[in-house]
Protein chains: 2
Amino acid sequence: MKLSIEQQPTQEGAYPQGEGNIEKNSDFEITGDFQRFNACNDIFARAQWDPRIHTAKAMNWFYSMLGLKVKYKSTDGYTQKDYALRNAGWVVANLMMERSAHLNRHDGFLDDIRGYMKEDGNKVPVASEEEISLQIKKAGKLFGADIVGITKIDLRWHYTHKFDAKTLSEKPNELSEELTNCIVIGTSMEYDVVQTYPSALAGTAPALGYSRDVFILQSLSQFIRNMGYKAVSSLNDSAQAIPYAIQAGLAEYGRNGLAITKDYGPRVRFGKIFTNLPLLHDVPQKFGVKEFCEICSKCADACPAKAIPFGMPTDQTHNQSNIKGIKKWTVDGEKCFSIWANQGTECGICVRVCPYNKSNDTWKDRAYFRFFRWLASTRGKRLALWLDDFLGFGVRKAPHLWWKEKEIKY
Amino acid sequence: MKLSIEQQPTQEGAYPQGEGNIEKNSDFEITGDFQRFNACNDIFARAQWDPRIHTAKAMNWFYSMLGLKVKYKSTDGYTQKDYALRNAGWVVANLMMERSAHLNRHDGFLDDIRGYMKEDGNKVPVASEEEISLQIKKAGKLFGADIVGITKIDLRWHYTHKFDAKTLSEKPNELSEELTNCIVIGTSMEYDVVQTYPSALAGTAPALGYSRDVFILQSLSQFIRNMGYKAVSSLNDSAQAIPYAIQAGLAEYGRNGLAITKDYGPRVRFGKIFTNLPLLHDVPQKFGVKEFCEICSKCADACPAKAIPFGMPTDQTHNQSNIKGIKKWTVDGEKCFSIWANQGTECGICVRVCPYNKSNDTWKDRAYFRFFRWLASTRGKRLALWLDDFLGFGVRKAPHLWWKEKEIKY
């Protein structure tokens with residue numbers, strides 16, 4: 001049986017409770033005003049239907065990711081070569097999206113990702129949820145994920161409706177009732193590419209993150225279906241990734257509105273698979289992010305759009321593009337996106353300057369990152385913040401220098 | 001202008017000469033009998049048209065990679081879960097191949113891989129071939145390649161004809177005359193998965209290798225086209241990867257008929273991009289493989305099909321599936337493939353047992369591999385071979401142990 005998310009019970013008590021719940025060990029505070037989010041209010045959907053957001057520049061941003069109407073300049077970081085790399089990064093995600101265009105679907109962005117083949121008629125018996133959970137994580141990493149977590153389906157994070165780009169209206173967001181678990185995968189974006197934000201070159205990082213996610217989601221979900229279970233892959237569509245990532249123990253929530261992971265900071269893209277495979281649930285993990293963000297405002301200081309809040313978390317929203325009823329730091333999506341549209345490519349300055357954005361390419365990098373994470377979680381957090389400045393972290397790398405570096409570390 | 005490969009000049013002197021040539025620093029000895037290979041004689045093509053190879057079992061092997069008619073067993077390594085993972089590994093390569101099915105193409109296997117978008121109208125000027133070559137290598141690694149080399153187009157390695165699976169006949173293999181350079185990418189297969197050969201589980205390694213290669217080829221070739229140059233992606237189609245990999249300085253040739261790379265041994269899958277982007281050519285590199293293979297016959301000893309030759313390289317061929325006129329170790333493809341068809345999945349025992357197949361996951365692994373490679377290239381090569389046995393390298397890992405390992409290193 002399929003239920004439209006809209007028809008799901010909304011009263012208290014209808015949401016999952018217990019160990020793996022986001023209330024248990026995270027800093028999300030759900031208030032009585034909580035309302036699930038309608039994907040039509042997402043800023044990228046509004047850029048298509050809402051005349052206040054739907055500008056020629058906004059549309060050019062969409063086109064450019066598809067390799068269309070690319071407006072390169074002579075400015076460092078925005079040249080033809082920079083856009084050439086960024087747009088090449090989008091290719092696999094675009095191919096997977098365009099594969100379903102004849103069905104009026106935008107797989108991975110507005111609709112879940114159509115799988116390759118349906119589930120096998122025979123179910124592999126699951127003797128131990130612990131064992132199969134480890135194997136799912138192993139398979140996820142084999143397919144390229146950097147981090148994998150597992151939680152239960154929590155309808156609060158599913159959109160009430162999806163956006164139909166053809167009719168510019170809402171359509172039902174359905175989820176089979178059989179699906180009970182959610183696997184969250186995360187892929188890290190390359191540190192030294194991210195360090196060139198703002199630039200078109202830096203846009204290669206999210207582009208590749210999306211393409212890699214699509215690769216992993218298609219492979220991992222097919223593995224589950226080949227074992228006889230249902231598995232639906234989702235990227236930006238269907239449900240919100242950040243609360244799922246927190247609930248699956250992969251991240252804490254930061255001032256910049258991003259999921260901050262332990263090993264890659266805010267430099268991670270997430271995907272999710274909804275499944276009926278019996279799995280063990282991870283629980284939210286805290287390592288001091290909220291307390292550190294309270295004394296750090298680097299992202300808010302650096303944001304060219306002034307879209308990131310100072311001060312403490314509140315349940316105030318800026319406009320319809322924010323989810324209602326969660327006490328947290330809330331970013332103004334309208335302001336944020338206006339910068340993207342204006343510069344013709346993504347802005348990720350809040351990722352670059354975040355002290356949790358550190359390289360972990362070498363053992364020295366990893367050792368310092370570990371030290372920083374420890375210090376930032378102690379009463380010495382102000383020292384950690386000072387050190388971060390003193391050591392010059394978060395400073396922009398000039399894009400032409402990235403191109404010139406001979407060392408290849410990937 | 002497009003030329004059918006068949007119409008290209010075949011007389012001596014028509015092939016590229018000079019620094020980057022395969023004759024210069026490799027152990028391929030091209031004899032006067034040399035003839036380019038017709039892809040219709042490839043064992044996988046023959047499995048479709050040649051009644052001696054075209055058996056029900058051979059066809060089931062093809063089907064199983066597409067997730068069809070999978071015959072799992074209760075034997076360790078051949079269970080539903082093993083095939084589930086292997087076939088999930090094929091998904092991205094399959095999706096990319098099936099994308100062109102309506103054009104009667106088998107992208108990546110019988111035909112080159114259709115790109116996403118044609119080249120930009122404006123060419124990025126190339127001030128330095130050295131610089132752009134480094135940037136192409138950097139981009140290749142960013143997109144996921146483990147090794148990238150560059151050589152010039154050498155028509156000797158291009159098939160005289162392609163195979164048309166629909167009509168079971170040959171069709172022209174065309175290459176634009178403008179294309180002058182060949183970029184070779186290599187992706188390593190996971191060591192501990194390969195150690196479970198023979199098994200369906202081990203088949204995950206080549207499956208994922210193909211899928212990853214397709215990802216990289218689609219992205220890297222689009223990067224080149226976005227810079228205004230032509231770029232055609234090729235996997236198993238169009239031309240032979242091994243001589244190209246040798247010519248691009250990525251590998252030496254081994255007794256098992258495989259390209260042996262410095263860092264990943266025979267555990268690598270190759271793809272190639274033909275382009276008119278001006279590039280600097282790499283040259284063949286030798287690190288002692290031929291001399292070591294002369295005293296080592298582990299692959300020939302272990303081959304269940306007795307398809308790998310003992311003794312020294314010759315220009316003898318076994319049947320029409322071998323290229324003519326190269327003095328080298330030549331594997332009997334008919335015998336080799338009969339094992340694959342019989343067991344319903346790929347055999348890679350010759351990869352597993354090769355002493356150059358060593359893990360490089362940890363610094364200890366890398367240090368030993370470096371020591372082995374050095375010793376194997378000296379007069380102590382017999383000691384290197386003895387040590388390899390003594391330390392237990394190349395022994396099969398039971399597939400159920402792979403599934404049980406908790407440590408996730410990917």
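So which residue, out of A:Thr79, A:Thr151, A:Thr261, gets the largest mean-square fluctuation from a GNM of chain A using Cα contacts under 10 Å as springs? The residue with the greatest mean-square fluctuation here is A:Thr79. Have a look at B:Tyr78, B:Tyr356, B:Tyr368 and tell me which one the Gaussian network model of chain B (Cα, springs below 10 Å) gives the largest fluctuation. Looking only at B:Tyr78, B:Tyr356, B:Tyr368, the largest GNM fluctuation is found for B:Tyr368.
If R0 is 25 Å, the Cβ-Cβ spacing of B:Arg366 and B:Ala398 corresponds to a FRET efficiency of close to 0.45. Decide, for region B:293-375, between rounded, prolate and oblate: order the square roots of the alpha carbon gyration tensor eigenvalues as a ≥ b ≥ c, take rounded if a/c falls under 1.5, and otherwise choose prolate if a/b is larger than b/c, else oblate. The shape class here is oblate.
Classification of region A:153-311 by its C-alpha gyration tensor yields a prolate form. The axis ratio a/c (a ≥ b ≥ c) is 1.5 or more, and a/b outweighs b/c. Sequentially through region B:346-358, phi angles give Karplus couplings (6.51, -1.76, 1.60; θ = phi - 60°) of 5, 9, x, 4, 5, 7, 4, 7, 4, x, 7, 8, 10 Hz, Gly and Pro residues having no value and appearing as x.
For A:Glu29, the residues 5 or more places off, or on other chains, whose built amide H falls under 5 Å of its own are A:Lys327.
Each residue of region B:134-147 was assigned a 3J(HN,Hα) from its phi angle through the Karplus expression (A = 6.51, B = -1.76, C = 1.60, θ = phi - 60°), giving 5, 5, 5, 5, 5, 5, x, 6, 4, 7, x, 6, 8, 9 Hz with x at Gly and Pro. Quick one: grab the alpha carbon gyration tensor of chain A, order the square roots of its eigenvalues as a ≥ b ≥ c, and give me rounded if a/c is under 1.5, else prolate or oblate depending on whether a/b is larger than b/c. In terms of gyration-tensor shape, rounded. Amide hydrogen proximity for A:Ala200: with H placed 1.01 Å from N in the peptide plane, the residues at 5 or more positions away or on another chain lying under 5 Å are A:Tyr78. Residues of region A:282-315 falling in the label zone of A:Arg382, defined by backbone nitrogen less than 17 Å from a point 7 Å along Cα to beta-carbon, are A:291-298, A:311. A Gaussian network model of chain B, with springs between Cα atoms under 10 Å, assigns the largest mean-square fluctuation among B:Glu23, B:Glu119, B:Glu177 to B:Glu177. Looking at chain A alone, DSSP beta bridges between its own residues are antiparallel in about 95 percent of cases. With 29 Å as the limit on Cα-Cα distance, the pairs of A:Lys358/B:Lys137; A:Lys306/A:Lys397; B:Lys71/B:Lys298; A:Lys24/A:Lys364; A:Lys335/A:Lys397; A:Lys364/A:Lys406 that go past it are B:Lys71/B:Lys298; A:Lys24/A:Lys364.
In the neighborhood of B:Gln35, defined by Cβ-to-Cβ distances under 11 Å, what is the net charge if each Lys or Arg adds +1 and each Asp or Glu adds -1? Local net charge: +2.
Take B:Thr167, move 7 Å from Cα toward the beta carbon, and the resulting point lies 4.6 nm from the same point in each other copy, nearest first. Each other copy holds its own label point for A:Glu405; taking that point as 7 Å from Cα along Cα to Cβ, the gaps run 3.0 nm, nearest first.
Between the alpha-carbon centres of region A:192-233 and region A:20-84 there is a gap of 17 Å.
In nanometers and ordered shortest first, the copy-to-copy spacing of the A:Lys364 label point, defined 7 Å from Cα toward Cβ, is 2.5. The rotation axis taking chain A to chain B passes closest to this chain A residue's Cβ, listed with the gap in Å: A:Phe215, 3. Here the sum of -39500 (n - 2.57) over DSSP H runs of 4 or more residues, divided by the residues of the protein assembly as shown, equals -10500 deg cm²/dmol at 222 nm, to the nearest 500.
Placing a label point 7 Å from the Cα of B:Asp389 along the Cα-to-Cβ direction, none of the residues of region B:238-278 has a backbone N under 11 Å of that point. Kindly flag which residue pairs out of A:Lys262/A:Lys286; A:Lys73/B:Lys123; A:Lys141/B:Lys69 have an alpha-carbon separation exceeding 19 Å in this structure. Violating the 19 Å Cα-Cα cut-off are A:Lys141/B:Lys69.
Each Lys or Arg adds one and each Asp or Glu takes one away; over the other residues whose Cβ falls under 14 Å from the Cβ of B:Leu375, this sums to +3. Give me the net charge of A:Ala56's neighbourhood, meaning all other residues with Cβ under 13 Å from the Cβ of A:Ala56; Lys, Arg count +1, Asp, Glu -1. My count for the surroundings of A:Ala56 gives +3. Temperature 10 °C, viscosity 1.306 mPa s: under these conditions the Stokes-Einstein estimate for the protein assembly as shown, based on its Kirkwood radius over C-alpha pairs, is 57 µm² per second. At full extension, A:Lys327 and A:Lys57 could sit 93.9 nm farther apart than now, given 0.36 nm per residue minus the alpha carbon distance.
Read-outs throughout are calculated quantities, based only on the coordinates presented, and are distinct from any laboratory measurement. Source: prediction; values computed, not measured. Glycine also receives a Cβ, built like all others from the backbone with ideal geometry; neighbour counts cover every protein chain displayed.
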